[in-house]
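All remarks here apply to the structure that follows.
The values are calculated or read from the model by the stated rules, or taken from the named source; none is laboratory data. Since we're looking at a predicted model, the values are computed, not measured. Here Cβ is always computed from backbone atoms with ideal geometry, including for glycine, and neighbour counts include all displayed protein chains. Only protein heavy atoms, including side chains, enter the accessible area calculation; ligands, DNA and RNA are left aside. Shrake-Rupley method; radii C 1.70, N 1.55, O 1.52, S 1.80 Å.
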Amino acid sequence: MQSLYAQTPTAFIEIKGKIVDDDSNDALIFADIIIKDSNISTITNSDGEFALKIPDSLADKSVTFSHLGYQKKELKVSELHTDSKIKLIPAITELNLVEIKTFKDAETLLRETLKNRSNAYNNENALMTAFYRETIKKRRKNASLSEAVVHIHKQPYSNFKNDAIELIKSRKSTNYTRLDTLALKLQGGPFSNLYTDIIKYPEYIFTNVDIALYEFSFGESTQVNNKPVYVINFKQKPGIKEPLYYGKLYIDSETLALTNAIFRLNVENKELSSNMYIRKKPRKVDVYPTEATYRVNYRTQNGKWHYAYSNILLTFKVNWKGKLFNSVYTLNSEMAITDWRITNPKLVKTKENMLKPTTILTDETSGFKDPAFWGEYNIIEPEKSIEAAIEKIKKQLKRT
């Protein structure tokens, strides 16, 4: 059955479930769950699980489930409950060779996509509600957990003004003893994820100069939302020492919009890749990344695409001089748009709770002992390791 809540003036229904592959029954990570005819949405976690809070006023609507490379599925809210298992069917698509030959090569297609942002993407000011989660692990144990609901004051894709982020609600718990004497902090917080929006911020990966440093090729086509998409593979050219990225770009064949991107930083050169992330460290320690993985997803509404989700996974090795063993830290952050609306042209510019790109979320542990902390806000369902960490935090709070 569904769960009904009335803790706020707006009552809502909460549905939970898991999205899996129809053939293998494997969990589908980063699948989109959207209430039809609305902008309310969420995304599955690394276990393929989701939770979606639906305002009582939308109880008669349908919910769509979609994932890159799968056929979209639509179900009525009344058909869903707290343990729904949604099976998606893989989509097999082969783009006609003539369609691919429309472009001289994969690089030409990418350039067209970047030029096309004013046509394919939302060109109005939007106020987006987003959920942000950030974890720091020392080896496999959680050392820090931060979560926040923010408002993103999203500028139109047609201009080059930076977006602004307003903090609405947050909670954080850090076990600094587990971080030893090196307290790693993920500077930027939600801004780090926002900057993975390649279409809005191409300067972080594909400047006009940098594009020439990459090799591009067409990969096997797939589908997004039952529509065919081009797949572009890219990697840096041989002989270039500067750490660049490699990965895949997914481009809608009809609108030429970037729908998804999955890429990594080449970290083979330890010194140069370290300089990209480490600005200040003790003299007696060497810190360098061993992995840097990025993902960004876009959604379409009323014929226009917009930023929907991003995930950053960074792994660092920390070597203290004179110590026998090194430490391995994993920093993971993700941000999902859970609702949005078009707003007036005058976006918020100065407010006490506006974040800066250098902001580190402040400590606030009280929320971890409150099961209704997020209220009616949609969040990304915690994966099992995070749920376990939250339970430990609750026990610690009870003892203090």
Could you tell me which residue of region 120-137 is surrounded by the most Cβ atoms within 10 Å (Cβ to Cβ), considering only residues that are within 27 Å of Lys317 (Cβ to Cβ) and among the charged types (D, E, K, R)?
Glu134
Selected residue (only one of Arg140, Arg117 is open to solvent by 80 Å² or more (accessible area, probe 1.4 Å) and touching a helix residue (DSSP H, G or I) at 6+ places or on another chain (Cβ under 9 Å)):
Arg140
Candidates Leu244, Leu249, Leu256, Leu272, filtered to the one that is in contact with a Pro (Cβ under 6 Å, 6 or more places away or on another chain) and open to solvent by less than 70 Å² (accessible area, probe 1.4 Å):
Leu272
Using beta carbons and a limit of 9 Å, which pairs, at least six apart or on different chains, have the first residue in region 113-126 and closer than 14 Å to Leu249 by Cβ and part of a loop (DSSP other than H, G, I, E, B) and the second one among the β-branched types (Val, Ile, Thr) and open to solvent by 40 Å² or more (accessible area, probe 1.4 Å)?
Asn116/Thr255
Hits in region 18-37 - residues which are over 20 Å from the mean Cα position of the chain (by Cα), open to solvent by less than 20 Å² (accessible area, probe 1.4 Å) and farther than 13 Å from Tyr70 by Cα
none
Please verify whether region 90-104 includes one or more residues that are hydroxyl-bearing (Ser, Thr, Tyr), modelled with pLDDT under 95 and touching a strand residue (DSSP E or B) at 6+ places or on another chain (Cβ under 7 Å).
yes
Here is a list: Leu347, Leu355, Leu361. Which entry is at pLDDT below 85, of a type in the set (A, V, I, L, M, F, W, C) and under 19 Å from the mean Cα position of the chain (by Cα)?
Leu361
Which one of Val285, Val296, Val231, Val267 is open to solvent by 10 Å² or more (accessible area, probe 1.4 Å), hydrophobic (A, V, I, L, M, F, W, C) and in contact with a strand residue (DSSP E or B) (Cβ under 7 Å, 6 or more places away or on another chain)?
Val267
Counted residues, region 16-64 - those being in contact with a Phe, Trp or Tyr (Cβ under 8 Å, 6 or more places away or on another chain), in a strand (DSSP E or B) and hydroxyl-bearing (Ser, Thr, Tyr)
1
Conditions first: (1) surrounded by fewer than 15 Cβ atoms within 10 Å (Cβ to Cβ); (2) aliphatic (A, V, I, L, M); (3) modelled with pLDDT of 85 or more. Ala336 passes all but one, so which condition is the exception?
(1)
For the subset of region 294-345 comprising residues that are in a loop (DSSP other than H, G, I, E, B) and among the hydrophobic types (A, V, I, L, M, F, W, C), which member is nearest to Glu268 (Cα to Cα)?
Phe325
